[in-house]
Amino acid sequence: MTSLHRKRLMTADDYLAWEARQPTKHEFVDGTVIEMAGAEDHHVTVVLNVALALKRHLQGKGCRTYASDRRLHVADARTHSASHASGTPGATGGEGAYFYPDVMVTCHPDDHATRLSKSRPTLLVEVSSPSTRQYDRATKLAHYRRIEALQEYVLIDLMRRVSDLHRRSAAGHWETLLVQPDQPLVLKSVGLHLAANDLWADVDPAPSTLRGAARGSGLSGRTDGAALAVLAGNTDHPTDDTTAAETAAGSSTPRVTLPLRSVARQAGSEACHQAPSEAPQAGSPAG
């Protein structure tokens with residue numbers, strides 16, 4: 001097992017300049033860069049099932065559907081306030097977090113006018129595996145709920161075939177509905193009822209890659225769709241902001257320890273990996 005190579009935290013501007021040169025996608029949360037590993041068949045299939053259903057349903061309605069490769073910018077509180085004051089999204093220089101949702105629908109004209117990053121989605125969908133579930137349910141949920149335009153966030157659990165549907169009520173409160181394997185996924189934000197048969201079409205009832213996880217440690221033992229690896233930052237000492245955000249999202253652990261690109265591990269082992277040599281130091285030029 002290799003040791004975890006820690007890097008200083010990046011600034012958002014460093015991340016954006018550095019990631020533009022990388023062959024793979026990376027997310028950015030609280031100064032930490034997170035690599036998105038390649039997805040396997042069942043993950044890709046469910047993502048396509050959802051994205052294609054949404055694209056067909058929303059054709060000609062002024063909304064756009066993106067799958068996996070479109071970056072989402074979530075401004076922090078300070079950036080959000082300054083952006084509103086100036087009338088310019090991202091006016092403080094692009095602070096906050098950056099994600100690549102599995103599926104994103106945006107209907108806002110500002111998003112139609114931007115090329116690389118969207119910031120005003122109506123609907124976000126993440127397809128979760130055992131190795132990404134905590135990250136999707138805690139870290140992403142906490143950040144996504146700060147997006148004013150967002151009406152629904154769906155977390156689809158590949159292992160259990162259930163979906164957590166987080167919906168903003170008319171009063172602005174967030175409600176969570178559990179969608180069972182045989183129930184339709186009702187997306188009120190875009191007026192779509194997605195039947196269970198359509199959601200799980202062409203996906204094995206019990207994918208062989210998940211059986212081992214169910215039998216043993218609860219870990220996938222290999223790279224799941226969008227499995228994660230920490231490339232920078234010290235996850236042993238989370239910032240106060242990160243701790244508060246994840247606790248507010250309902251996580252019992254103040255900091256999500258992100259799993260690595262995956263070699264098989266035994267429960268209780270510390271995940272380790274090699275960080276990219278190109279990642280810049282904080283404050284250093286990104287090129």
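Here is how the numbers come out for the structure above:
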read-out	value
Residue in the range 32-45 that is among the aliphatic types (A, V, I, L, M), farther than 30 Å from ALA195 by Cα, at pLDDT below 95 and assigned to a loop (DSSP other than H, G, I, E, B) present	no
Residue tally, condition assigned to a strand (DSSP E or B) and touching a helix residue (DSSP H, G or I) at 6+ places or on another chain (Cβ under 8 Å), over the range 137-153	1
Breaking point among (1) assigned to a loop (DSSP other than H, G, I, E, B); (2) at pLDDT 90 or above, for MET10	(2)
Unmet criterion (only one of (1) assigned to a helix (DSSP H, G or I); (2) more than 23 Å from VAL179 (Cα to Cα)) for THR114	(1)
Count of the range 127-149 residues which are surrounded by fewer than 22 Cβ atoms within 10 Å (Cβ to Cβ) and over 12 Å from the mean Cα position of the chain (by Cα)	6
Extreme residue, nearest to the chain's Cα centre (by Cα), among residues of the range 54-64 that are surrounded by fewer than 22 Cβ atoms within 10 Å (Cβ to Cβ) and on the phi < 0 side of the Ramachandran plot	ARG64
Of all residues in the range 13-43 being aliphatic (A, V, I, L, M) and either surrounded by fewer than 18 Cβ atoms within 10 Å (Cβ to Cβ) or over 18 Å from PRO101 (Cα atoms) (or both), the one that is nearest to the chain's Cα centre (by Cα)	ALA20
Candidates ALA20, ALA12, ALA51 - the one that is under 21 Å from HIS73 (Cβ atoms) and without any contact (Cβ under 8 Å) to a residue 12 or more places away in the chain	ALA20
Residues within the range 158-203 that are in contact (Cβ under 8 Å) with a residue 60 or more places away in the chain and either surrounded by fewer than 16 Cβ atoms within 10 Å (Cβ to Cβ) or not in a strand (DSSP E or B) (or both), tallied	10
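The values are calculated or read from the model by the stated rules, or taken from the named source; none is laboratory data. What you are looking at is a predicted structure, and each value in this text was computed from that prediction instead of being measured. Counting neighbours? That spans all protein chains shown, and the Cβs are built from the backbone with ideal geometry, glycine included.
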